[in-house]
1. Specify which of the listed residues (E49, E95) is free of Cβ contacts under 8 Å to residues at least 40 places away in the same chain and out of contact with any helix residue (DSSP H, G or I) (no Cβ under 9 Å at 6 or more places or on another chain).
2. For segment 110-124, indicate whether the set of residues that are farther than 21 Å from L30 by Cβ, hydroxyl-bearing (S, T, Y) and in contact (Cβ under 8 Å) with a residue 24 or more places away in the chain is non-empty.
3. Out of segment 45-96, which residues are closer than 18 Å to A137 by Cβ and not aliphatic (A, V, I, L, M)?
4. From the list R84, R45, R106, pick out the single residue that is under 18 Å from P18 (Cα atoms) and open to solvent by 30 Å² or more (accessible area, probe 1.4 Å).
5. Checking the condition more than 19 Å from A28 (Cβ to Cβ), open to solvent by 80 Å² or more (accessible area, probe 1.4 Å), under 17 Å from the mean Cα position of the chain (by Cα) and free of Cβ contacts under 8 Å to residues at least 24 places away in the same chain, which residue from P177, P163 passes?
6. Given the conditions (1) open to solvent by less than 10 Å² (accessible area, probe 1.4 Å); (2) closer than 22 Å to Q130 by Cβ; (3) in contact with a Leu (Cβ under 6 Å, 6 or more places away or on another chain); (4) not charged (D, E, K, R), and given that Y33 satisfies all but one, which numbered condition is not satisfied?
7. Looking for something loosely packed, with under 15 Cβ neighbours inside 10 Å, at pLDDT below 95 and of a type in the set (S, T, N, Q) - is there at least one such residue anywhere in segment 63-72?
8. Just the residues that are polar (S, T, N, Q) and part of a strand (DSSP E or B), please, taken from segment 1-59.
Amino acid sequence: MDKNELWVFGYGSLLWHPGFDHDEAVIATLSGYHRSFCMRSIHHRGTDEHPGLVLALDEGDATCQGIAFRVTPGTEAPTMAALRERELVSSAYLEKTLTLSLKDGRNVTAVTYVIDPEHVQYCHLQLEEQAQIIATAVGGRGPNTDYLFNTADHLTDLGITDPELSWLANRVREIAPNAT
């Protein structure tokens, strides 16, 4: 790996809307974290009055599969500026550089956004409570259901299994059958 390469790990909305140019996208595994709707969203998928939920990486004895994006050379600075504006809007995420195992056998270090468990937006809710919140919350980037369904659908398209996300998508479709 070229030390000047910039990799970014996508596990939620970055899967379907990275928002930056990249030359490579490879299925990757991150050890020590799991994908979870453990962050209350008061900007993008909810409001202060009715927070939604978005995915974050919660530290623990687990792994998370997602996509490692190799940023197009020469676009590193604007990519990082855009990512920080998007991901660090409330400082609930911590920006870390973590090692990923790529599906093709390579290991790379990637910019990764993980939840700050000390932040007020951090939460640990049962799946049914998550479903109830996601079914009704709407924020600046639209309905919380869109975020869930886009992520679940993209994971399925990639062949990545996430039983909790699949359960949530099915349950939210039951609660809010008109959601897209």
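1. So the residue among E49, E95 that is free of Cβ contacts under 8 Å to residues at least 40 places away in the same chain and out of contact with any helix residue (DSSP H, G or I) (no Cβ under 9 Å at 6 or more places or on another chain) is E49.
2. Checking segment 110-124: not a single residue is farther than 21 Å from L30 by Cβ, hydroxyl-bearing (S, T, Y) and in contact (Cβ under 8 Å) with a residue 24 or more places away in the chain.
3. Let us first name the residues in segment 45-96 that are closer than 18 Å to A137 by Cβ, namely 45-56, 89-90, 92.
Hits for segment 45-96 are R45, G46, T47, D48, E49, H50, P51, G52, S90.
4. Only one candidate passes the filter, namely R84.
5. Numbers: P177 fails: under 17 Å from the mean Cα position of the chain (by Cα).
Selected residue: P163, the only one of P177, P163 that is more than 19 Å from A28 (Cβ to Cβ), open to solvent by 80 Å² or more (accessible area, probe 1.4 Å), under 17 Å from the mean Cα position of the chain (by Cα) and free of Cβ contacts under 8 Å to residues at least 24 places away in the same chain.
6. Unmet condition: (1).
7. There is no residue in segment 63-72 that is loosely packed, with under 15 Cβ neighbours inside 10 Å, at pLDDT below 95 and of a type in the set (S, T, N, Q).
8. Scanning segment 1-59 gives T29, S31, S36, S41.
The values are calculated or read from the model by the stated rules, or taken from the named source; none is laboratory data. Owing to the predicted nature of the structure, the values given are computational and were not obtained by experimental measurement. Positions of Cβ are generated from backbone atoms using ideal geometry, with glycine treated the same way; all protein chains shown enter the neighbour counts. For the accessible areas, the whole protein counts, side chains as well, though only heavy atoms, and no ligand, DNA or RNA atoms are used. Shrake-Rupley method; radii C 1.70, N 1.55, O 1.52, S 1.80 Å.
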